[in-house]
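The values are calculated or read from the model by the stated rules, or taken from the named source; none is laboratory data. Remember, it's a predicted structure, so these values are computed and weren't measured experimentally. Note that we place each Cβ from the backbone using ideal geometry, even for glycine, and neighbour counts take in every protein chain shown. With ligands, DNA and RNA removed, areas are computed over all heavy atoms of the protein, side chains included. Shrake-Rupley method; radii C 1.70, N 1.55, O 1.52, S 1.80 Å.
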Amino acid sequence: MEKQVIAKAQKAREAARRLAYLSTTIKNNALLAMADSLIKNTDKILAANEIDIRAGREKGLSRALIDRLLLTTERVADMAEGLRMVASLPDPVGEVESMWTRPNGLRIGRTRVPLGVVGIIYEARPNVTVDAAGLCLKAGNAVVLRGGSEAINSNLAIANIIATAATGAGLPEGAINLIEITDRAAVNVMLKLNDYIDVIIPRGGAGLIQTVVQNATVPVVETGVGNCHVFVDRYADLEKARRIVINAKCQRPGVCNALESLLVHQATAAEFLPGMLEALKESGVEVRGCDRTMAMAEWVKPASEEDYAGEFLDLIIAVKVVDSLDEALDHIYRYSTKHSEAIITENYTRAMRFLNEVDAAAVYINASTRFTDGGQYGFGAEIGISTQKLHARGPMGLKELTTNKYIVFGDGQIRG
């Protein structure tokens, strides 16, 4: 098993050397070929996905996980469109960000270059296979993919289809590699392949991410866990707030930018919360709240410390009435995973204070947290949402999959 994983990483390392200097045209043609091949092979992909869906239901996977796992004709088309969008984006590789001349005549510049080999470890979202491969390739990186066992048939079908298309369009063998071993020991091998993998990006739940962060010797970009809050201020437009809360919680509850905790200012709670709670109930959301929230509706369940601290990834929400903006900021500071946080208010001063004081990858004023997404930000498909501060933060697009290299032009200068 270890030899198989190392062999994949070695192939990726060899491919990365060529990918680093391939032209934008060749990379774009490969992405377009991959997109066309996905559409052409939709039936094959859906047949493989159906095997995974059946197995997932037999295992009792949650609704949210089944939704993440499920592929449809429309979702395959979306994956193909994501590749086409990435092909249309500017290539960051080779971009000279700055250039200056020193007194001794040396011309020094800083240019963007690929990271090299990117390892992606992810769970039940087969679309990540396509998104990750497309972005990595456009940024000149080879990719080693290790998806979860619940999506193995879908991932195998997709990876074979796009890898064949990419090679046929001029990319080197080994540019896209899928680890077919579902045993968790394969992940432990990947985490320590410093000689072959330059960075690992985990995409999944808190357990997966912490396992990677705590055990990797390869550098890690921490992504994904989203205990996202919406704070309805005393100066909120309540209809605007209602629409944002329903969208942020219900539009797709199983993703990391979905709303998990709702905070409501006490000055507006009596007017806002009863109707909001009923709207959530009608949308199938289980509400867990503080004492003041439970007083608004007898069916609300009591919220625990774990509810305020956790990520549900389901139609469940934690609600708390707070006495002030300060209390809301304190609550978010204590429980936030630094992903996406929002305030609903018509008061500019309070909005700016929230914007400046909340420490998160994305902070919103009067908008749904569901917009924290590479496509919504204009980056094309994203590799993940980074919740750390080093190297990259927020949606990771093409630029975040590159690093800097200094280039120096001289004419015989020597250092005295």
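For the reader, a short list of remarks on this structure follows.
- The distance separating the Cα centre of region 312-334 from that of region 263-289 comes to 13 Å.
- For region 129-222, the fraction of 1.4 Å probe accessible surface lying on carbon and sulfur atoms is 45 percent.
- Amide H within-cut-off set for T223, under 5 Å, with H built and near neighbours excluded: T387
- 222 nm mean residue ellipticity, helices alone, for the chain (DSSP H n ≥ 4; -39,500 (n - 2.57); rounded to 500): -13500 deg cm²/dmol
- Maximal additional length on extending the Y406-S283 stretch stands at 38.9 nm, based on 0.36 nm per residue less the C-alpha distance.
- Within the chain, longest stretch free of exposed chymotrypsin sites (Phe, Trp or Tyr not before Pro) [DSSP loop, at most 12 other beta carbons within 10 Å]: 22-298
- Once backbone amide H atoms are built at 1.01 Å from N, H339 has N227, A361 as its partners under 5 Å, excluding neighbours fewer than 5 places away on the same chain.
- Computed over region 207-357: relative contact order in percent, which uses C-alpha pairs under 8 Å that are six or more apart: 33 percent
- Based on Cα contacts under 8 Å between residues 6+ apart, region 105-217 shows a relative contact order of 33 percent.
- When the listed pairs K8/K44; K40/K192; K27/K192; K11/K40; K27/K59 are checked against a 31 Å cut-off, the alpha-carbon distance exceeds it for K40/K192; K27/K59.
- Rounded to 5, the percent of DSSP beta bridges in the chain classed as antiparallel: 30 percent
- Relative contact order [Cα under 8 Å, 6+ residues apart], the chain, whole percent: 19 percent
- Taken about its Cα centre, region 228-312 carries a charge dipole of about 240 debye when Lys and Arg each add +1 at the Cβ and Asp and Glu each add -1 at the Cβ.
- Using alpha-carbon coordinates, inclination of helix 238-250 to the longest axis of the chain, degrees: 50 degrees
- Between 0 and 90°, nearest 10: helix 2-19 axis offset from the chain longest Cα axis: 70 degrees
- Taking the 1.4 Å solvent-accessible surface of region 282-379 as the whole, the part contributed by carbon and sulfur is 48%.
- Two-site label geometry, Q413 and Q388: point separation in nm, points 7 Å out along Cα→Cβ: 3.4 nm
- Of all aspartates and glutamates in the structure, those lying under 13 Å Cα to Cα from K320, and not within fewer than 8 positions of it along the same chain, are D233, E260, D291, E305, D307, D330.
- Label zone at T182 (point 7 Å along Cα-to-Cβ), backbone N below 15 Å, region 103-129: 122-126
- Shown for region 52-109: the carbon plus sulfur share of the solvent-accessible area, taken with all protein chains present and a 1.4 angstrom probe, equals 54%.
- Restricting the GluC sites (Glu not before Pro) of region 289-382 to loop positions (DSSP other than H, G, I, E, B) with no more than 11 neighbouring Cβ atoms within 10 Å leaves E298.
- Model label zone, K3; criterion: amide N under 17 Å from point 7 Å along Cα-to-beta-carbon; scope region 160-184: 180-181
- Folded to 0 to 90 degrees: helix 325-335 orientation relative to the chain principal axis, Cα: 50 degrees
- Measuring between their Cα centroids, region 146-183 and region 388-411 lie 26 Å from each other.
- Accessible surface area normalised per residue over the chain is 44 Å², counting heavy atoms of protein chains with a 1.4 Å rolling probe.
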